[in-house]
Amino acid sequence: MNPSQLATIKQADLVAGQANANKNIDSKFQLAIKKRSLDYTAPYLNMIQSRLSHPSRCSLHLPSPIFANSLNILPPCAYPLQPATSICTKHVPAPLQRSRAKVNALLWAPHGRHVVAGESNGKFILFDGDTMDSDERGSRKIHDKAITSLTYLHNEMLLLSADEAGYVRLSKDNLDPHATFVHPQEKKCTSVSAAPTDMKFASGSTDCVVRIFDVFFPDAEPYKMNGHGGDVKGVAWHPRESLIASCSKDATVKLWDPRCNPTTNTAPSGDGSAASAASSSKATRGPCVATLAGARNEVHRIGWSNSGRWLLSSSKDQMLRLYDIRRCGAEPVREFRGHSGDVTALAWHPQQEEVFASGGMDGMISFWHAGSDQPMASMANAHKVEEDRSKVWDTRSITWALAWHPLGHTMASAGSDKRVKFWCRKRPGDFFMDPYSKEEVVP
């Protein structure tokens, strides 16, 4: 073997060794950097580029339903007049997150970087908003009983959580406890909702009372509002006004004025003095403003729309009802029927004013438009247990919580199957059969 051939062999071995070293380095970086399960950067870049030719969002054209236009899809906020583009019926191909306990409450963080899940063992589980993977390092247990409700304050820095022992805890964004509020006699707290000013919050409990707590004074006596004849299942503070809605086991939905004086049961007027309040005939009313009719059975959930003009309720009679607050005491504007069991979860879309989602005991998730009593799309097998899909509904197939991403392109759901699932919008041209969908739908 001459020297030139020996040099060629050594050079080939050196190149092969360098290639193997680069391959090992690449594999290490792949393990260190997690791949996103759902990338929403491109749609927003496309929307910024489209503003050059279409300054108004209403002048944007929908892409044709072909797979090649998947790169031209825009975020939900770019289609204000096409609400059907915002429904999330496609399951995100991420690891199915199975918890050790049932997930009762689900909430996206205001910044959209993670999802907070409250389990029945009193533990918080964090899910990454990009990879949809659970973060065990961020999980924490600050409740001794099952968590029943979660909500962020409007300052997006503090989290309110309630449990079955009657405790409401105010936590920081990293889940460190900040303050604790206690219901008398440790009655189960079913729901919490923060005021627009973040100075107070309302809670409902199993003793038929709606209470208002002061955020800055945890030890102060809460303001009580009596009037329900059964357990208060949910409360919702109006997003802009001083108005509270509550639903109960007595099949009623009530509207409350929290500004009423807790001692004299009168509403302030004029200069706010007691004399002017007593002299005014309009001030001598109780805190209950109106009772909304229509429900024929226990009401499970209520929720205000983003503008605060509509109030949505879900009940045990398999119905959803939409109320217009400008018609207090009247019948619902529209009724929605599509579930074969109790409707146990609902959530308004954060970008589309007239779109909302619902989940029930039948394991189904449906998407609705306020202008139609028929669902736009349904996922019949969203949380239905595999061996029980032949049954109409089963206790292990209940959808307990729904939560939209703040941008509206993703939705998270949790059910009695102890799984947290994520859903996104279908791309143009997607016509394949989703195992969770009820029927094949071509967008």
### Message
Name the single residue that is surrounded by the fewest Cβ atoms within 10 Å (Cβ to Cβ) among those in region 238-256 being of a type in the set (D, E, K, R) and over 17 Å from ARG327 (Cα atoms).
### Response
ARG240
### Query
If you scan region 321-364, which residues turn out to be part of a loop (DSSP other than H, G, I, E, B) and of a type in the set (Asp, Glu)?
GLU331, ASP342, GLU353, GLU354, ASP362
### Task
Confirm whether ALA380 is open to solvent by less than 40 Å² (accessible area, probe 1.4 Å) and under 24 Å from LYS426 (Cα atoms).
yes
### Query
Can you name every residue in region 128-173 that is touching a Leu at 6+ places or on another chain (Cβ under 8 Å) and among the basic types (Lys, Arg)?
ARG140, ARG169, LYS172
### Message
Restricting to region 392-443, name every residue that is of a type in the set (S, T, N, Q) and either at pLDDT 85 or above or open to solvent by 30 Å² or more (accessible area, probe 1.4 Å) (or both).
### Response
THR395, THR399, THR410, SER413
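Yes/no matrix, rows are residues, columns are (1) within 25 Å of ASN297 (Cα to Cα); (2) open to solvent by less than 10 Å² (accessible area, probe 1.4 Å); (3) touching a His at 6+ places or on another chain (Cβ under 9 Å); (4) in contact (Cβ under 8 Å) with a residue 24 or more places away in the chain:
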site	(1), (2), (3), (4)
ALA179	no, no, no, yes
GLU186	no, no, no, no
ASP198	no, no, yes, yes
GLY204	yes, yes, yes, yes
ARG211	yes, yes, yes, yes
PRO218	no, no, no, yes
GLU221	no, no, no, no
GLY227	yes, no, no, yes
### Query
Do you know which of the residues in region 257-266 that are open to solvent by 10 Å² or more (accessible area, probe 1.4 Å) and touching a Pro at 6+ places or on another chain (Cβ under 9 Å) is modelled with the lowest pLDDT?
ASN265
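The values are calculated or read from the model by the stated rules, or taken from the named source; none is laboratory data. Since the structure is predicted, the reported quantities are computational estimates derived from the model, not experimental observations. Every residue, glycine as well, gets a Cβ built from its backbone with ideal geometry; the counts of neighbours run over all protein chains shown. These area figures cover heavy atoms from the full protein model, side chains too; ligands, DNA and RNA do not enter into them. Shrake-Rupley method; radii C 1.70, N 1.55, O 1.52, S 1.80 Å.
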